[in-house]
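These notes concern the structure reproduced below.
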Amino acid sequence: MKDHLDFEKPLLELEEKINRLKDISKHQPKTLDEIKRLQKKAYQLQEEIYSKLTAWQKTQIARHPNRPTTLDYIQLLITDFIELHGDRCFGEDAAIVGGIGKLGDRPVVIIGHQKGKNVRERVKRNFGMPHPEGYRKAQRLMRLAEKFGRPLITFVDTPGAYPGMGAEERGQSEAIAKSLLVMGQISAPIVVVIIGEGGSGGALALAVGDRILILEHSIYSVISPEGCAAILWNNSEKASEAAETLKMTAKDLLQLGIIDEVISEPLGGAHRDYQKMAETMRRAISHHLNKLEGLTLDEILHQRYEKFRRMGVFGEEGPSTPA
């Protein structure tokens, strides 16, 4: 898998030149000034590229193979983490991970989609596309958060729920619907973070929260751009056009009132600096949990209900009145 995206090609060429100069700088100290000049130029070019990203380019960043996953954030943010397995009904689904741990001094329950990094991991994790048993495992953890009075944090990163025959036979739609119901009703504060791809009901099943946050270059939509293009134009190659139409970027979602906060990413995307991204996320999650802890559970449930009732409100213009 390549580390650079197509629109980053000019930047890649500069970085390769800088690396070549660094290799010879030990023997030719005069190259140090040239390295500094090129590094400054590369930084400016990166700023320019990332200030003008299209929705399709953001989609590519959200899907970047090196983008931090749920397990990466758990390792960087959560101490004393204990992963829990199985749905107590059918089996274990590696596409969803979860367990208990601490965010700072605060005990929490964590659930998230897990795509994997290399081909072997992605096959094991089913490319982050959960089966019904994955969502039922998530429901166990949701109820655990309620039972022990722990805040729930979910990380969303999936192209969608697995659409295979076996998943449908085992009640995929019911499992997703039940997850929505459980998240809507549990008496525990919930903070959702969309860390990569938020695709369709497979993402929404972990995204009914009191606060919904999204990373700057993540996406969240009812369907993938490719799927939308195939349905509307019978041509998946129009995915870039569909991405613009779907209003799936963080900026669009904030304006539509779907999410509550956009979390800034390091220049070049979260995959450029895991530690910096995790620290920024830690501050954002802690801020919202602190706010939620000032509310009673009844207030939290009422506000959660009203939050989702307000989504999708629209108005209709009546017939124009003749002058």
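Read-outs throughout are calculated quantities, based only on the coordinates presented, and are distinct from any laboratory measurement. This structure is a prediction, so every number in the text was calculated from the model and none was measured. Note: ideal-geometry Cβ built from the backbone for every residue, glycine included; neighbour counts use all protein chains shown.
Some notes on this structure:
- Debye-sum result for region 7-52 in log10 I(q)/I(0), which assumes one identical scatterer on each alpha carbon, at q = 0.16, 0.32 Å⁻¹: -0.44, -1.11
- Proximal charge balance of residue 288 [Cβ under 11 Å; K/R count +1, D/E count -1]: -1
- Region 42-186: C-alpha pair distances exceeding 21 Å, %: 49 percent
- By other beta-carbon atoms within 10 Å, ranking 100, 111, 231 with the fewest at the front produces 231, 100, 111.
- Label zone at residue 75, where the point sits 7 Å out along the Cα-to-Cβ direction: region 262-278 residues whose backbone N lies under 16 Å: 271-278
- Residue exposure proxy: 115, 238, 52, 147, ordered by other Cβ atoms within 10 angstrom of their Cβ from fewest to most, comes out as 52, 147, 238, 115.
- Against the empirical curve 2.2 N^0.38 Å, the C-alpha radius of gyration of the chain lands at a ratio of 1.10.
- The residues 296, 249, when put in order of fewest to most other Cβ atoms within 10 Å, stand as 296, 249.
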